[in-house]
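This report concerns only the one structure given below.
The values are calculated or read from the model by the stated rules, or taken from the named source; none is laboratory data. These figures come from a predicted structure and were not determined experimentally. With ideal geometry, Cβ positions are generated from the backbone for all residues, glycine too; neighbour counts draw on all protein chains shown. Ligands, DNA and RNA are stripped out before the accessible areas are found, and what is left, the full protein with its side chains, is counted by its heavy atoms. Shrake-Rupley method; radii C 1.70, N 1.55, O 1.52, S 1.80 Å.
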Amino acid sequence: MIRPLADRVVIEPKEAETKTAAGLYIPDTAKEKPQQGTVVAAGPGKKDEEMEVKVGDVVLYGKYSGTEVTVDDKKYLIMKQSDILAII
């Protein structure tokens, strides 16, 4: 597993919707990048900044935030805590 440093977190993004509310299937080219995910690991924080998010929190983040990494065929995002917009 990935262990983030300082004020970084590892997020497992929510899967993109494949169907609309009306039941229509969305093609891969029209899918939007998800902006919601679950925190799977969090760093210890910085000396002057405590970590506000913890493992298991569902969070909203910016559309182009973080760095995408793949571990064991699973996609994760690594980003700074400041890139997280809200905890749901």
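Expressed as a whole percentage, what fraction of the accessible surface of the chain belongs to carbon and sulfur atoms when a 1.4 Å probe is rolled over the protein heavy atoms? C and S atoms contribute 51 percent here. The ellipsoid that matches the Cα gyration tensor of the chain has semi-axes, each √(5λ) in whole angstrom, of 27, 14, 10, with the longest given first.
A simple packing score, the average count of other Cβ atoms within 10 Å per residue, orders the peptides 81-88, 24-31 as 81-88, 24-31, with the highest score first.
The residues of region 1-77 expose on average 73 square angstrom of accessible surface per residue, using a 1.4 Å probe on protein heavy atoms. Relative to the Cα centre, the charge distribution of region 1-77, modelled as +1 at Lys and Arg Cβ and -1 at Asp and Glu Cβ, gives a dipole magnitude of about 80 debye. For LYS74, a cut-off of 17 angstrom between C-alpha atoms picks up these lysines, skipping any fewer than 8 places away in its own chain: LYS14, LYS33.
Computed from label points 7 Å out along Cα-Cβ, the spacing between LYS74 and ALA22 is 3.6 nm. When only Cα pairs below 8 angstrom with a gap of at least 6 residues are kept, region 1-77 shows a relative contact order of 34 percent.
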